[in-house]
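What follows is one structure encoded as structure tokens, with my remarks underneath.
The values are calculated or read from the model by the stated rules, or taken from the named source; none is laboratory data. Computed from a prediction, not measured in an experiment: that's the story for all the values here. Please note: Cβ atoms are built from the backbone with ideal geometry, for glycine as well, and neighbour counts cover all protein chains shown. The protein model used for the area step is the full one, side chains on, heavy atoms only, and it has no ligands, DNA or RNA in it. Shrake-Rupley method; radii C 1.70, N 1.55, O 1.52, S 1.80 Å.
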Amino acid sequence: MARIVAGIGSSHVPAIGAAIDNGKTEDPYWKRVFAGFEKSQAWMRELKPDVAIIVYNDHATAFSVEMIPTFALGCAADFPPADEGWGPRPVPVVEGYPALASHIAQSVILDEFDLTICNKMEVDHGMTVPMNLLFGKVDKNSHWPCPVIPLAVNVVMYPPPTGHRCYMLGKAIRRAVESYPEDLKVVIFGTGGLSHQISGPRAGLINSKWDKAFLDNLSKDPQKLVKIPHVDYMREAGAEGIEMVMWLIMRGALDDKVDEVYRFYTVPASNTAVGHIILANRPRAVRQRAPAHKAAKRATARKAKAPAKRAAARAKATLIRGR
Ligand code: DHB
Ligand code: FE
């Protein structure tokens, strides 16, 4: 059975991607941001997931504003980095996992969450920046460490999905993953945020108190977040703070009680509050199956003993009945 072992929340600030691509990660301004992800990269290297489901948003790159699906699942074999105005980022093509992706599509749609299926899709900074933050810099001609199933969520044009809908979709994704027969270690990312507003009179807005409470509740009491209406995100976390609803899909896919493995928060990067969290499902008590040869040996021994056992039981019954 495939299992979701951990959830990762990460901002996707495009300037972080530009800092990586232009060799600026050691500049004092950026060093502080990248330092916050060193432990996470070590954790990820050790975990070695078989596949990552990355919940992210497209910034009118793959979809344009003419056609915007609320939830779009990437079922393709690969997802090339998109040209966002400066040419595609020099990162590897993101390899997909079509077999698991189409299983998720079937399971989630039959579970009454109507996803759009994308068999061809380019991916923008919303996906490649969190991948760099968690997997490190990867040469364009090399490979990302694991295949990825992208789930694009509309948070760029009104109306985005509610936090509750996102949380419940996370639960449906978990059911889908757990009904996939192959043994796979799956991680799920929720990306975007934290508080930020890019344009208008409130451009540059950052609300660290709100962000911290969001991270606290994400870890300990997600039910509190599920009820937050869009207008509260907009007022408290800025217009683009609405990206945070995507973290609730990740949280919904985890156990109610999780272990917080790591957290990092810094302001600003570009105009944005950078937040990051790793939440792990607690290991479940799995009944160890005996290796096949031992199980077969035990079954043979049981069979051999059976006639003697039956004779003893008959003798005992005769004694009890007194005949
Ligand atoms: C910026 C763009 C984003 O999509 C985002 O989530 C944060 C910041 C930016 O242009 O700085
Ligand atoms: Fe964004």
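Give me the distance in nm between label points sitting 7 Å out from Cα along the Cα-to-Cβ direction at A213 and E112, one decimal.
Each label point is offset 7 Å from its Cα along the Cβ direction, giving 3.2 nm.
Against the longest principal axis of the chain, how steep is helix 163-178, in degrees 0 to 90 to the nearest 10, with axes from Cα atoms?
Between the helix axis and the principal axis of the chain, the angle is about 40 degrees.
Please identify every one of the trypsin sites (Lys or Arg not before Pro) in region 1-58 that sits in a loop by DSSP and has no more than 16 other beta carbons within 10 Å of its own beta carbon.
Here the sparse-neighbourhood loop sites are K24.
For an R0 of 22 angstrom, estimate the FRET efficiency from the Cβ-Cβ distance between Y265 and K227 and round to the nearest 0.05.
Taking R0 as 22 Å, the efficiency between Y265 and K227 is 0.45.
Quick one: if you stick a label point 7 Å off each Cα along the C-beta vector at S199 and A60, how many nm between them?
Going from the S199 label point to the A60 one covers 0.6 nm.
What Rg and what Dmax come out for the chain when only alpha-carbon atoms are used, in angstroms?
24.3, 98
Could you give the nm distance between label points at K220 and D256, where each point is 7 Å from its Cα heading toward the beta carbon?
Between K220 and D256, the simple spin-label model gives 1.7 nm.
Once both axes come from the Cα atoms, what is the angle between helix 208-220 and the longest principal axis of the chain, in degrees from 0 to 90, rounded to 10?
Here the helix axis deviates by roughly 10 degrees.
With every protein chain kept in place and ligands, DNA and RNA left out, what is the accessible area per residue of the chain? Probe 1.4 Å, answer in Å².
Dividing the accessible area of the chain by its residue count gives 50 Å².
What pairs from K48/K224; K171/K220; K185/K227 go past 22 Å between their alpha carbons?
In this structure, K48/K224; K185/K227 exceed 22 Å between Cα atoms.
Once the Cα atoms of helix 38-47 and of the chain are each reduced to a long axis, what angle between those two axes, in degrees from 0 to 90 to the nearest 10, is obtained?
30 degrees
Carbon-plus-sulfur fraction of the accessible area of the chain, 1.4 Å probe, in percent?
On the way: 9110 of 16210 Å².
That share works out to 56 percent.
Could you give each residue of region 92-104 its phi-based ³J(HN,Hα) in whole Hz, using Karplus coefficients 6.51, -1.76, 1.60 with θ = phi - 60°, and x for Gly or Pro?
Calculated HN-Hα couplings, in order: x, 4, 7, 7, x, 9, x, 5, 6, 4, 6, 5, 5 Hz.
How big is the antiparallel share of DSSP beta bridges in the chain, given as a percent to the nearest 5?
So the antiparallel bridges amount to about 50 percent of the total.
If the label point is 7 Å along Cα→Cβ of E182, which residues in region 125-160 have backbone nitrogen under 20 Å from it?
143-151
Before rounding to the nearest 500, sum -39500 (n - 2.57) across all DSSP H runs of length at least 4 in the chain and divide by the residue total; then give [θ] at 222 nm in deg cm²/dmol. Spell out each step's value before the answer.
Details: 11 runs with 130 residues, N = 323.
After summing the helix terms and dividing by residue count, I get -12500 deg cm²/dmol.
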